[in-house]
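Note sheet for the following structure.
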């Protein structure tokens with residue numbers, strides 16, 4: 001028989017395959033039934049806002065039986081019509097892609113030009129899809145990463161070869177601090193959750209952004 005762990009779904013213990021409880025580590029998490037996710041994803045797909053291209057490709061599967069994943073996830077290799085690379089390639093659901101692109105085009109690229117005078121060429125990713133609990137804490141709620149609804153960004157590469165690292169630059173020189181704080185502030189205009197090194201030690205080396213719905217009306221935002 002295959003190994004199993006137990007995930008809490010709607011408050012009921014439900015045995016799932018090991019891959020459905022956080023992957024090979026069999027991490028235990030609490031998952032909720034949230035119909036808005038499917039509705040939102042299908043609306044995005046039907047709108048045509050995201051289309052396949054040389055740098056946006058459909059990913060047919062994110063693993064075996066699981067409460068994690070998305071109906072039709074995508075591999076995102078670049079934004080701004082391919083001008084800014086995403087490395088490594090991110091696995092995200094449809095609604096995340098337009099917001100990532102708006103953040104890059106409307107905030108990060110102009111900030112790089114204003115602060116450093118050279119174009120942005122790459123966004124460095126520390127994590128995207130991962131079927132695991134929040135902060136990898138045993139027994140916590142399923143992370144937005146488990147729904148392909150989050151991105152962890154660790155740094156930015158400019159055309160002159162310079163890399164601005166969140167870990168080193170957050171308390172780095174004046175330009176690094178100005179660049180990263182402007183990028184964080186801009187992220188708060190495009191995502192419902194933005195967590196930075198100011199939030200806690202779990203985010204000391206990256207920006208976490210996601211599109212979670214919070215509050216009774218789903219409109220609550222977190223920007224820290």
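Just so you know, all these numbers are worked out from the coordinates, no wet-lab data involved. This one's a predicted model, so the numbers in the text were calculated from it and none came from an experiment. Using ideal geometry, Cβ is built from the backbone for each residue, glycine included, and neighbour counts are taken over all protein chains shown.
Worth a mention:
- The alpha carbons of segment 83-152 stretch over 46, 22, 18 Å along the principal axes, in descending order.
- One Cα centroid belongs to segment 89-109, the other to segment 115-156; the line between them spans 12 Å.
- For residue 162 and residue 58, a Förster radius of 30 Å and the Cβ-Cβ distance give a FRET efficiency of 0.35, rounded to the nearest 0.05.
- From the coordinates shown, Rg and Dmax of the Cα atoms in Å corresponds to which of [x] 17.7, 60; [y] 19.7, 76; [z] 18.5, 66: [x]
- Divide the volume of the convex hull around the Cα atoms of segment 176-219 by the residue count and you get 71 Å³ per residue.
- Full extension of the chain between residue 87 and residue 140 gives 16.3 nm of extra length, using 0.36 nm per residue less the Cα-Cα distance.
- Ranking of 165, 53, 201 by neighbouring Cβ atoms within 10 Å, starting from the fewest: 201, 53, 165.
- Spherically averaged projected area of the convex hull of Cα atoms, segment 118-224: 7.1 nm².
- Sequence-separation-based contact order of the chain, relative, with Cα cut under 8 Å and 6+ spacing, percent: 16
- Contour minus Cα-Cα distance for residue 221 and residue 114 (0.36 nm per residue): 35.7 nm
- For the chain, the antiparallel share of DSSP beta bridges with both residues in that region comes to about 80%.
- Three semi-axes describe the equivalent ellipsoid of segment 37-117; taken as square roots of 5 times the Cα gyration tensor eigenvalues and ordered largest first, they are 26, 13, 11 Å.
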